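Quick note: the coordinates plus some simple rules give every number you see, no bench work behind them. Quick caveat: nothing in here was measured; it's all calculated off a predicted structure. Cβ sites come from the backbone with ideal geometry, for glycine too, and all protein chains shown count toward neighbours.
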Amino acid sequence: MRHEDVGRRGTPGTTTGEVRGNALWGGGRRTLAVTLAALLVVAVALVAGRVQVAEASDADAYVSPGLLAEAAASPDGLFDVIVQARKGKKTDDVADEVTKVQKDEPGTGSKLKRKFISIAGTSATLTGKQLLKLADRSEIDSITRDSKVELTAYTNTQLWPQSAGVDTNWLSVPASLTYPAIAVVDSGVTPSLPTLSPRVIGSVNLKTYAGTSGAYGHGSLVASIAAGAAEDYTSAEPRAKIVSVKVLDGAGQGYKSDIIAACDWILQNKSTYNIRVANFSLNAGGESFRYDALDKAVESLWLNGVVVVVAAGNYAVEGAQSNVGYAPANDPFVITVGASDIANTASRADDFAAPWSAWGYTQDGFFKPEVAAPGRRMNGAVPNSANLLTQYPDRVVAPGYMWMSGTSFAAPVVSGIAASILADHPSWTPNQVKGAIMEKAVAPTGYASNGALGVGVVNGGGAAVEASGLANPNAGLNQFVSLNSATGRYEFDGNLWYTVASYDPAWNAASWSSASWSSASWSSASWSSASWSSASWSSASWSSASWANASWANTTDIE
Ligand SMILES: [Ca+2]
């Protein structure tokens with residue numbers, strides 16, 4: 001029997017045809033295709049390939065790794081296979097051989113199935129005994145598994161999955177793991193969209209604002225970037241599930257209280273749907289996190305097992321420091337995400353911050369965002385009736401798909417990465433997931449780890465597969481967290497934090513003194529000094545009324 005090293009057939013990240021578009025970075029046109037269909041087959045084969053040590057003999061058929069041993073161990077068991085002819089032989093010759101071994105070794109359930117035209121071969125269900133016998137026939141070239149095909153291909157015509165390092169997770173995090181659900185707190189997700197169906201496993205409408213009717217499209221676009229699986233539009237984590245929590249109307253408007261109700265609903269239903277991640281591509285008003293009700297609501301999620309991912313905001317002007325005062329982006333526990341521009345290349349080295357991506361200090365002196373992810377000209381799915389389509393008809397890239405820019409579309413990249421991490425490490429806490437994402441982020445060339453990109457641009461593959469889970473960016477805050485025996489949930493004591501932070505500027509040292517950050521490629525020392533600043537605390541004049549206005553989720557005209 002011949003042995004073949006199936007692991008050397010493919011090269012990850014194989015790319016085809018790059019075309020520069022007519023505006024900025026390609027305008028969502030087909031700039032690149034990542035050909036992963038063949039790689040999937042190779043990866044599956046590799047897993048099985050380590051079982052069997054093959055003997056070298058040209059007389060016998062090639063048999064899928066492990067299959068001979070399985071057939072020998074289970075002579076009456078049934079195996080679905082594809083049988084191919086030796087050179088010079090035909091499909092009918094193979095069919096004859098299959099029929100012969102069935103006669104020689106009768107077995108219940110065995111049968112000849114398809115006779116192929118495109119190849120000289122057949123499909124068949126064989127008993128173990130028949131398979132062993134067939135492998136010795138000189139007419140037979142190969143007997144390989146008739147594997148179940150679970151997906152066609154994970155591909156994206158854009159470069160952002162490579163820049164965010166998530167394309168490697170499509171293959172390196174096994175599909176057989178349990179992938180959690182991401183709650184998308186937004187304008188609603190259309191469950192029938194081909195890229196998401198049938199993985200929208202729950203939805204609830206908590207919107208009480210009587211504004212614009214119809215589907216906005218924002219929620220679907222966000223969900224498709226987090227967890228879409230369509231070829232050419234594969235998301236950050238195509239195996240994750242989606243739960244739609246609708247709080248905004250057909251124009252992206254809504255009440256802050258509805259977003260708090262969304263947190264309540266997630267807390268009550270997270271076990272039912274295995275919700276481990278909640279995505280907030282919205283901000284609504286903002287006060288010190290000691291008082292802001294939405295901040296407290298998302299903290300309740302965070303401290304009770306749900307990773308909260310929030311868009312930083314789109315209100316910076318020409319890259320200048322804007323500070324970050326809207327809730328829930330201004331909450332220190334959550335992962336706040338800025339938007340990077342990938343500079344039309346897959347490499348992270350030349351990435352830079354989108355000029356409108358909000359960054360700077362919160363009312364309480366915390367630096368935001370922690371990380372950035374691609375957020376410019378992101379292709380995603382929207383329903384045909386979406387108001388966004390009416391608003392931006394020139395942004396359609398294909399039927400059912402359009403591009404948008406904003407931190408709204410960077411956040412779901414990180415939500416998808418969080419889902420990959422939790423599939424690989426189901427026991428990790430939100431603090432560990434945040435630590436892994438920050439630890440493996442990469443600062444572009446010349447970037448100093450304390451601006452609009454946070455510590456750098458996310459590296460999904462590194463965070464999911466390589467991170468230790470030991471780095472905890474919230475270690476300093478944990479000393480103020482305790483179990484409320486009345487509710488049975490963990491809570492943060494903001495007043496105690498305020499008292500301690502007021503007289504001890506080094507209260508947060510624990511977060512950055514850990515050796516866990518030594519593997520980070522960015523400077524943990526410089527981030528440590530920037531991550532919380534008593535100088536920019538609420539005494540600063542900027543922290544007053546300017547954060548009172550409504551949601552900016554409708555600031556969609558940016559590019
Ligand atoms: Ca780049």
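For SER526 and ASN384, a Förster radius of 45 Å and the Cβ-Cβ distance give a FRET efficiency of 0.40, rounded to the nearest 0.05.
Over the stretch 318-431, the Kirkwood radius and the radius of gyration, each from Cα atoms, give a ratio Rg/Rh of 1.01.
For the pair ALA69 and LEU470 in one chain, pulling the backbone fully straight at 0.36 nm per residue adds 140.3 nm over the alpha carbon distance.
Between ASP80 and ASP104, the contour length at 0.36 nm per residue exceeds the alpha carbon distance by 6.8 nm.
Charge tally around ASN472: other residues with Cβ under 13 Å, Lys/Arg +1 each, Asp/Glu -1 each, net -1.
Summing charges over all other residues whose Cβ lies under 14 Å from the Cβ of SER235, with Lys and Arg as +1 and Asp and Glu as -1, gives -1. Past 22 Å, Cα to Cα: identify those pairs from LYS241/LYS440; LYS207/LYS296; LYS87/LYS115; LYS256/LYS440, in the order given. Correct reply: LYS241/LYS440; LYS256/LYS440.
Enter the mean projected area of the convex hull around the alpha-carbon atoms of the stretch 123-197, in nm², rounded to one decimal.
9.4 nm²
A simple packing score, the average count of other Cβ atoms within 10 Å per residue, orders the peptides 369-379, 156-166, 259-269 as 369-379, 156-166, 259-269, with the highest score first. Taking label points 7 Å from Cα along the Cα-to-Cβ direction, ALA349 and SER192 give a separation of 4.8 nm. For the stretch 418-542, dividing the convex hull volume of the Cα atoms by the residue count gives 138 Å³ per residue. Ranked by the mean number of other Cβ atoms within 10 Å of their residues, highest first, the peptides 460-469, 359-368 fall in the order 359-368, 460-469.
For an R0 of 35 angstrom, estimate the FRET efficiency from the Cβ-Cβ distance between ALA506 and ASP264 and round to the nearest 0.05. The value I calculate is 0.45.
Across the stretch 261-356, the volume of the C-alpha convex hull divided among the residues equals 117 Å³ per residue. Basic side chains Lys and Arg get +1 at the Cβ, acidic Asp and Glu get -1 at the Cβ, and with that the dipole of the stretch 160-547 about its Cα centre reaches some 500 debye. One decimal place: the segment ALA175-ILE119 gains 17.2 nm when fully extended, by the rule 0.36 nm per residue minus the C-alpha distance.
Sorting the segments 498-508, 133-143 by their mean number of nearby beta carbons within 10 angstrom, highest to lowest, gives 133-143, 498-508.
Using every pair of separate Cα atoms, the Kirkwood estimate puts the hydrodynamic radius of the stretch 160-547 at 20.2 angstrom.
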